[in-house]
Amino acid sequence: MSHDQEVISKTCPCGSGKPFAYCCEPFVQGQKPAPTAEALMRSRYTAFALGAIDYLIDTTAPEKRGEDDAEILADQVKYTNWTGLSILSTEQGGRSDELGCVEFEAAFETEDQAGTLYEKSNFRKENNYWLYVDGEVEIRT
Ligand SMILES: [Zn+2]
């Protein structure tokens, strides 16, 4: 754990190369909304990496939230170690857009496997806050 914290204090888990405090931290901490769909996607990856479950639920479209989300997410963050993010493409999702799509790959490790999660995610903006709606997910191990 202390090793992870050291890494986080240097650069953001999302792989932007920027310090955490100048990248995803203000979004994950709720200090300001992510300005673009890609920024939200990155901050959600970071939230997965850090176990910021409330942020993951808050940034999911209300109609897509489930009663068991907190439990499911708690299990996921406990057993999955996210080891890298690559953004493959983005469509819309800019500051003046209401909808956006982000295609990405996220590398992960669990106790018994390592793989890549590929996803094309859909986002929409509501009251200036981007929300994750749904996505096409493929797990490659
Ligand atoms: Zn970041």
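The table below gives the values:
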{"read-out": "Solvent-accessible area, 1.4 Å probe, carbon plus sulfur percent, for the chain", "value": "45 percent"}
{"read-out": "Stretch in the chain that is longest and holds no GluC sites (Glu not before Pro) that DSSP places in a loop and that have at most 13 other beta carbons within 10 Å", "value": "1-66"}
{"read-out": "Label zone at Ala74 (point 7 Å along Cα-to-Cβ), backbone N below 18 Å, segment 42-60", "value": "48-58"}
{"read-out": "Calculated from backbone phi, Karplus (6.51, -1.76, 1.60) coupling profile of segment 82-99 in Hz, x at Gly/Pro", "value": "8, 10, x, 10, 10, 8, 8, 6, 9, 10, 6, x, x, 4, 9, 8, 9, 10"}
{"read-out": "Nearest-20 debye value, the chain charge dipole, Cβ charges on Lys, Arg, Asp, Glu", "value": "660 debye"}
{"read-out": "Extension gain, Lys32 back to Lys64 (0.36 nm per residue minus Cα-Cα distance, nm)", "value": "9.3 nm"}
{"read-out": "Loop-resident sites, segment 35-141, for trypsin sites (Lys or Arg not before Pro), counting at most 10 other Cβ within 10 Å (DSSP)", "value": "Arg95"}
{"read-out": "Cα-based shape type of the chain, given that a ≥ b ≥ c are square roots of the gyration tensor eigenvalues and the cut on a/c is 1.5", "value": "rounded"}
{"read-out": "Relative contact order, percent, segment 3-140 [alpha-carbon distance under 8 Å, six or more residues apart]", "value": "20 percent"}
{"read-out": "Rounded accessible area per residue of the chain, 1.4 Å, Å²", "value": "59 Å²"}
{"read-out": "Nonlocal Lys pairs with alpha-carbon distance under 28 Å, the chain (8 or more apart, or different chains)", "value": "15"}
{"read-out": "3J(HN,Hα) from dihedral phi, segment 67-77, Karplus parametrisation 6.51/-1.76/1.60, rounded to Hz, x for glycine, proline", "value": "4, 8, 3, 4, 5, 4, 5, 4, 5, 4, 6"}
{"read-out": "Where labels lie 7 Å past Cα in the beta-carbon direction, separation of Thr110 and Thr141 in nm", "value": "0.6 nm"}
{"read-out": "Using θ = phi - 60° and Karplus 6.51 cos²θ - 1.76 cosθ + 1.60, couplings along segment 44-60 (whole Hz; Gly, Pro as x)", "value": "6, 4, 4, 5, 4, 5, 9, x, 7, 5, 4, 5, 5, 6, 4, 9, 9"}
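The values are calculated or read from the model by the stated rules, or taken from the named source; none is laboratory data. Keep in mind that what you see is a predicted model, and the values were worked out from it rather than measured. All Cβ positions, glycine included, derive from the backbone under ideal geometry; neighbour counts span all protein chains shown. Remember, those area values only see protein heavy atoms, side chains included, never the ligands or the DNA or RNA. Shrake-Rupley method; radii C 1.70, N 1.55, O 1.52, S 1.80 Å.
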